[in-house]
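This report refers to the structure that appears directly beneath it.
Computed from the coordinates by the stated procedures, all read-outs in this text should not be read as laboratory data. Being a predicted model, the structure only gives us computed values, none of them experimental. As a convention, Cβ positions derive from the backbone with ideal geometry for all residues, glycine included, and neighbour counts pool all protein chains shown.
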Ligand SMILES: [Zn+2]
């Protein structure tokens, strides 16, 4: 009898406890999406489409329905890429692309040896020297590295432009390419060096074919099937820059793993509304996948009760920030009340609107859409260190349980 009572208490406790999502599954998804054979889910070696195929398989295993004949919505856009190895030396010291320097995303080809001229324009003598230098030279084997230069001042070498940054190097994606070599060095690396040798080749792809991955779970009651709760997140990242891979663990393999956990949760339940999962590509290239979707929707997006976009779920040690909280205050109130009741996260911060992820084109159309990003953790972002080993996933369960509680109140 005592045993039965104990067992009953344990079951009751379990039922009232937070719902646990599967951390082994979470880590497997993140590791798979960040593995080197996914090539940083970018454009070199078709990495982003390998990720799309992988995610469609996961949708199938979970049991999500297709909206048409497949989970895919296809579209294309131009993108500048760097598919081959990049070599760079400063004073004969070999540098590591991604760590010591970057090519600007719109850079053209680089090929040559240059003599570096450093001028600190805060220093009056160097200022005069720079003016003299500008008047007197047309030697395009020289490159100027300007310190403390006004923003509009650039020294024009038609072949190459160099920026030196004190802050962290962060890569991004461009849809166009320039006809000059554009390099960004960390200040500590290029400081006081004299000779640069660089070789890098770009390739502008005019029409790169991409996919959004869409699956759903129909509402239990037929009359509610055309009312939707939508979860979104982007699965693309920055791909490769020559031999450097940007794995994008926090941005946004973490968010995708959360969406798949939620899909598994809702797939095994009778839901009041249809629950849709949209995994976008093209986000890092300028929200292109979500922009395409909102202008070519696969269901009536005016019937969306709420959309939750997840991007960067690496560590919610300091809770989450909600973009569009001030645009949809009643919905935000429901979210914060759910957080208080469940004690899920230490903070749910409010932020206004911002065009910084895939919620943007939805809320611009008046659709109630939140973008949640997590706060805390090591802060690796758009760099080669954003990999699974550096993800603490603190309060991952807190975000998961908060979202489930929130949707229940809608
Ligand atoms: Zn992102």
### Summary
Kirkwood-based Rg/Rh on the Cα set of region 65-170 evaluates to 1.16
### Summary
Classified through the alpha carbon gyration tensor (a ≥ b ≥ c as square roots of its eigenvalues; rounded if a/c is under 1.5, else prolate when a/b is larger than b/c, else oblate), region 212-357 comes out oblate
### Message
Only Cα pairs within less than 10 Å get springs; with that Gaussian network setup on the chain, which residue of 358, 194, 251 has the largest fluctuation?
### Response
194
### Task
For each of 391, 410, count neighbouring Cβ atoms within 10 Å of the residue's Cβ, then give the residues from fewest to most.
410, 391
#### Entry: Fewest-first ranking of 185, 280, 362, using other Cβ atoms within 10 Å as the exposure measure
185, 362, 280
### Query
Can you sort 351, 222 by how many other beta carbons sit within 10 Å, fewest first?
222, 351
### Query
For helix 255-267, what angle does its Cα long axis make with the longest principal axis of the chain, in degrees from 0 to 90 and rounded to 10?
20 degrees
### In nm, spacing of pseudo-spin labels at residue 224 and residue 300 (7 Å Cα→C-beta vector)
1.7 nm
### Message
Output the 0 to 90 degree angle, nearest 10, between the alpha-carbon long axis of helix 329-342 and the longest principal axis computed from the alpha carbons of the chain.
### Response
70 degrees
### Query
In degrees from 0 to 90, rounded to the nearest 10, what is the angle of the helix 124-136 Cα long axis to the longest principal axis of the chain?
70 degrees
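Checking the a/c ratio against 1.5 first, then a/b against b/c, what shape does the Cα gyration tensor give for the chain?
prolate
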### Segment residue 364-residue 70, extension gain: residue separation times 0.36 nm, minus the distance between their alpha carbons
103.1 nm
### Message
Please report the antiparallel percentage of the DSSP beta bridges confined to the chain, to the nearest 5.
### Response
50 percent
#### Entry: Residue-averaged [θ]222 nm for the chain, counting only DSSP H segments that reach four residues, each worth -39500 (n - 2.57)
-8500 deg cm²/dmol
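Calculate, in nm to one decimal, what residue 268 and residue 349 gain on full extension: separation in residues at 0.36 nm each, minus their alpha carbon distance. Before the final figure, lay out the partial values.
Numbers: separation 81, 0.36 × 81 = 29.16 nm, distance 3.11 nm.
Between residue 268 and residue 349, full extension yields an extra 26.1 nm.
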### Message
Can you give me the distance in nm between label points at residue 36 and residue 243, each placed 7 Å from the Cα along the Cα-to-Cβ direction?
### Response
1.1 nm
